[in-house]
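What follows is a single structure, written as structure tokens, with notes after it.
The values are calculated or read from the model by the stated rules, or taken from the named source; none is laboratory data. No experiment lies behind these values; they were computed from the predicted model shown. We place every Cβ from the backbone using ideal geometry, glycine too, and count neighbours over all the protein chains shown. Ligands, DNA and RNA are stripped out before the accessible areas are found, and what is left, the full protein with its side chains, is counted by its heavy atoms. Shrake-Rupley method; radii C 1.70, N 1.55, O 1.52, S 1.80 Å.
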Amino acid sequence: MKTMLMVTSQAFSLYNFRGDLIRELVKQNWQVTCAAPDMDNSIANKLEGIGAQVRSISGNRAKVSVMADIKFMGAIYKLVRTTKPDAVLLYFI
């Protein structure tokens, strides 16, 4: 089974704008992991309902800070190392 990691800074966009892509990947037997810093239960439940795994990562898209950006990049790096995806889609970062 191939794995896909999708990371964004706006969790709602995973379901609203990438939901069809997630459904299609799951239908083609991909394991899809979705991650965003503002992941709440309603979005997580929707994503899990279409077959995705959900992870929350640290980050703050409303704040401009070099240290916050480095921390966010570190969280993405750690997620990539733990999930070992075959493909990664990053957007709105």
- request: Give the share of C-alpha pairs in each 5 angstrom bin for the chain, from 0 to the last occupied bin, in whole percents, shortest bins first.
  value: 3, 15, 27, 24, 18, 8, 3, 1
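In terms of solvent-accessible area of protein heavy atoms at a 1.4 angstrom probe, what is the ranking of 83, 33, highest value first?
Values: 83 30, 33 5 Å².
Highest to lowest solvent-accessible surface, that is 83, 33.
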query: region 35-78: D in µm²/s via Stokes-Einstein (Kirkwood Rh, Cα pairs, 25 °C, 0.890 mPa s)?
result: 216 µm²/s
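Pop the C-beta distance of residue 29 and residue 90 into the FRET formula with R0 = 22 Å and round what comes out to the nearest 0.05. Write out the running numbers ahead of the final one.
Working: r = 23 Å, r/R0 = 1.03.
Efficiency for this residue pair is about 0.45.
Among 6, 67, what's the order by accessible area (1.4 angstrom probe), most exposed first?
Working: 6 0, 67 135 Å².
Sorted descending by solvent-accessible area, the residues read 67, 6.
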- prompt: How many lysine pairs in the chain, separated by 8 or more positions in sequence or lying on different chains, have Cα atoms less than 24 Å apart?
  reply: 10
message: Please report the spacing between the Cα centers of region 1-24 and region 73-88 in Å, no decimals.
response: 15 Å
task: Output ³J(HN,Hα) for region 76-91: one whole-Hz value per residue in order, computed from phi by the Karplus curve 6.51 cos²θ - 1.76 cosθ + 1.60 with θ = phi - 60°, and x for Gly and Pro.
output: 5, 4, 5, 5, 5, 5, 7, 8, 6, x, 7, 9, 10, 10, 10, 7
query: Any idea of residue 56's accessible area? Nearest 10 Å², probe 1.4 Å.
result: 80 Å²
- prompt: Around residue 38, which amide H atoms from residues at least 5 apart in sequence, or from another chain, sit under 5 Å from its own amide H, with H modelled in the peptide plane?
  reply: 11
message: Just to check I understand the Karplus step: with θ = phi - 60° and J = 6.51 cos²θ - 1.76 cosθ + 1.60, what whole-Hz values come out for region 40-52, glycine and proline as x?
response: 10, 4, 5, 5, 4, 5, 5, 5, 5, x, 9, x, 8
field: Distant-in-sequence amide H partners of residue 32 (H built 1.01 Å from N, under 5 Å)
entry: 4, 53
